[in-house]
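Trainee: Starting off with a structure, shown below.
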Amino acid sequence: MDTSPLARPFPVMPPIAGAVPRIARARYKDWDRCDLTFVELVEGTSVAGVFTKNICCSTEVEMGREQVRLGRARALVVNAGNSNAFTGYRGREAVEQIMAQVAGHLSCEPSDVFVSSTGVIGVPLPLDKARDGVENVLRAQPCDWRAAADTIGTTDTFAKGAHASAMIGDTRIQIAAIIKGSGMIAPDMATMLGYLFTDAQVAPAFLQHCLSAANEATFSCITVDSETSTSDTVLAFATGQAGNDELVDFDSPGADAFAAAIHDVCRQMAHLVVRDGEGAQKFIEVAVTGAKDDDSARTIGLAIANSPLVKTAIAGEDANWGRVVMAVGKAGEPADRDKLSIGFGGVWAARDGLPLPDYDEEPVARHLRGQDIRIDVDIGIGEGRATVWTCDLTHGYISINADYRT
């Protein structure tokens, strides 16, 4: 598969004390690549997570929701090529086997082992392949974050990673993160597998607060195809090895800087997922202002970002602002046709419900020929604002998904 033209190079990522990644082959699909990732976490690691709202979610998601409430983690296992979703008791057996196998190796509780799976829906994770794969990965040599990012991917065309740092008192803490996601991307929490690792010492409740807040403004503001996966999971692990005073709430010194760094990393990763949208040729930012409130602005923005007519117009480099008007109108949110303004790349095409008489489409056409596209929409009735991100819809999306299972 060709690399997305919107790809970004994998960044130089610092090692995170207390988090050691390894990879191996479980051969969940007929491919010659590593497809099992294992990250060993030091005792005392805090964990937080956000998960899909898809009712037909995987066993991994159901169990993960319960595990994060305990606030502790010793390991992460990610299977690529098989989502283990819609697989009943056999899917649960596979997850419990993996958890028990890793827990035995680390002398920890099975609930301290987090498992994620991604790939084809409806095929139980093979017990023998899972067992052999875990055995292999437990013996494997440590690897870098780039190798781990490659291993968790499915239809991804490039490895995705992000990092940030922050000062907590006199201590600099690091955050390294990897993510996979390309199709089945819609913001009902998120649609992806993403993992953040930090050496900061953070109480589980505060880590959860930071991750949930970042998710609302990043992962829950992206869409590729309006489809919400059965396996969506984003987990944050804090090993506590940096030696900072524990962050317990926003009154803790450095808490604001840490929360900002978590948000920064999540935003970077969310953008990378959109840039690798299946068949994508253009990265689209939709900025909505003047809505009733922020929630209304986001709903309108997502209606625009999920519109096949808007997305195909951008793919064809057509400044068809009428399609944007249509999408605003179908969102079901308060709006006034006669106060609506639409623009592309900083150039307004229509203001206050009317096309501008001196509108020059040439600079807009020039903007649309680029790879990074901006659509501005001012609803004109309030102070609400939101920004969402999507990609165009091309023939490539059909080609990838028409034969995904076979």
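Trainee: Provide the solvent-accessible area of residue 107, counting protein heavy atoms only and rolling a 1.4 Å probe, rounded to the nearest 10 Å².
Mentor: 100 Å²
Trainee: Moving on. With θ taken as phi - 60° and the coefficients 6.51, -1.76 and 1.60, list the Karplus ³J(HN,Hα) couplings across region 139-150 in order, rounded to whole Hz; mark glycine and proline as x.
Mentor: 8, 5, 6, x, 10, 8, 5, 4, 5, 5, 5, 4
Trainee: Same structure, new question: Using mean Cβ contacts within 10 Å as the protection proxy, how do 35-43, 119-127, 265-273, 286-294 order, highest first? Each step should come with its number before you reach the end.
Mentor: Values: 35-43: 23.1, 119-127: 18.4, 265-273: 24.9, 286-294: 20.6.
Output ranking for 35-43, 119-127, 265-273, 286-294: 265-273, 35-43, 286-294, 119-127.
Trainee: Explain nothing, just the number: relative contact order of region 62-167, from Cα pairs under 8 Å at least 6 residues apart, as a whole percent. The partial results should precede the final answer.
Mentor: Numbers: 130 pairs, mean separation 33.5, N = 106.
Rounded, it is 32 percent for region 62-167.
Trainee: Taking the chain as the reference, fit the longest principal axis to its C-alpha atoms, fit the long axis of helix 255-275 to the helix C-alpha atoms, and give the angle between the two in degrees, 0 to 90, nearest 10.
Mentor: 70 degrees
Trainee: Find, among the chymotrypsin sites (Phe, Trp or Tyr not before Pro) in region 297-406, those assigned to loop by DSSP (not H, G, I, E, B) with at most 11 other beta-carbon atoms within 10 angstrom. Kindly include the intermediate steps, with their values, before the conclusion.
Mentor: Details: sites: 321, 344, 348, 359, 389, 397, 404; in loops: 359, 404.
Those that pass, being in a loop and sparsely packed, number zero.
Trainee: 7 Å from Cα along Cα→Cβ at both residue 358 and residue 20: what's the point-to-point distance in nm?
Mentor: Computed distance between label sites residue 358 and residue 20 equals 6.8 nm.
Trainee: Still on this structure, please answer the following. For residue 29, give me every one of the lysines with a C-alpha distance below 22 angstrom, ignoring sequence neighbours fewer than eight places off in its own chain.
Mentor: Hits, sequence-local ones excluded: 129, 160, 180.
Trainee: Just how large is the dipole of the chain about the Cα centre, in debye to the nearest 20, putting +1 at every Lys and Arg Cβ and -1 at every Asp and Glu Cβ? Working shown, then result.
Mentor: Details: 36 positive and 54 negative charges, 178 e Å.
The dipole of the chain has a size of about 860 debye.
Trainee: Give the long-range amide H neighbours of residue 81: residues separated by 5 or more places, or on another chain, with amide H under 5 Å away, using H modelled in the peptide plane at 1.01 Å from N.
Mentor: 118, 119, 120
Trainee: Turning to a different aspect of this structure: At 1.4 Å probe radius, can you tell me the per residue accessible area of region 1-92 in Å²?
Mentor: Details: 4270 Å² over 92 residues.
On a per-residue basis, 46 Å².
Trainee: Still on this structure, please answer the following. Share of antiparallel DSSP beta bridges in region 261-406, in percent to the nearest 5? Let's see the in-between values first.
Mentor: Values: 16 of 23 bridges.
DSSP beta bridges in region 261-406 are roughly 70 percent antiparallel.
Trainee: At q = 0.12, 0.13, 0.17, 0.21 Å⁻¹, what is the base-10 log of I(q)/I(0) for region 260-385 according to the Debye formula with one equal point scatterer per Cα and no solvent? Please give it to two decimals.
Mentor: With no solvent term, the Cα-only Debye profile gives -0.45, -0.53, -0.88, -1.25.
Trainee: Once you've got the GNM for the chain with C-alpha springs shorter than 10 Å, pick whichever of 297, 147, 238 has the biggest mean-square fluctuation.
Mentor: For the chain, modelled as a Gaussian network with Cα springs under 10 Å, the answer is 147.
Trainee: If you don't mind, there's one more thing I want to ask. Which whole-number value in Å² is the accessible area per residue of region 192-255, probe 1.4 Å? Could you put the intermediate results ahead of the total?
Mentor: Working: 1890 Å² over 64 residues.
The answer is 29 Å² per residue.
Trainee: I've got another one for you. Top mean-square fluctuation among 283, 86, 258, Gaussian network model of the chain, C-alpha springs under 10 Å?
Mentor: Highest fluctuation among the options: 86.
Trainee: Can I ask one more? Which residues' amide hydrogens lie under 5 Å from the amide hydrogen of residue 35, considering only partners 5 or more residues apart or on another chain, with H built in the peptide plane?
Mentor: 24, 25, 26, 27
Trainee: A follow-up question, please. Given Cα pairs under 8 Å that are at least 6 residues apart, what percent is the relative contact order of the chain? It would help to have the intermediate numbers written out before the result.
Mentor: Details: 1044 pairs, mean separation 70.9, N = 406.
About 17 percent, as a whole number.
Trainee: Which GluC sites (Glu not before Pro) from region 310-406 combine a DSSP loop assignment with at most 11 other Cβ atoms within 10 Å? Can you show the working numbers first?
Mentor: Values: sites: 317, 361, 383; in loops: 317, 383.
Listed in order of number, the matching sites are 383.
Trainee: Pick from 152, 168, 381: which is most flexible by mean-square fluctuation in a GNM of the chain where alpha carbon atoms under 10 Å apart are linked?
Mentor: Its mean-square fluctuation being the largest, the pick is 381.
Trainee: What translational D, rounded to a whole number of µm²/s, comes out for the chain from Stokes-Einstein when the hydrodynamic radius is the Kirkwood one over Cα pairs, at 37 °C and 0.692 mPa s? Display every interim value, and only then the final one.
Mentor: Details: Rh = 21.9 Å.
This corresponds to a translational diffusion coefficient of 150 µm²/s.
Trainee: What are the lysines whose alpha-carbon lies under 25 Å from the alpha-carbon of residue 339, with same-chain residues fewer than 8 places away excluded?
Mentor: Correct list for residue 339: 292, 311, 330.
The values are calculated or read from the model by the stated rules, or taken from the named source; none is laboratory data. These numbers were taken from a predicted model, which means no experiment stands behind them. Cβ coordinates were reconstructed from backbone atoms using ideal geometry, including for glycine residues, and neighbour counts include every protein chain displayed. Remember, those area values only see protein heavy atoms, side chains included, never the ligands or the DNA or RNA. Shrake-Rupley method; radii C 1.70, N 1.55, O 1.52, S 1.80 Å.
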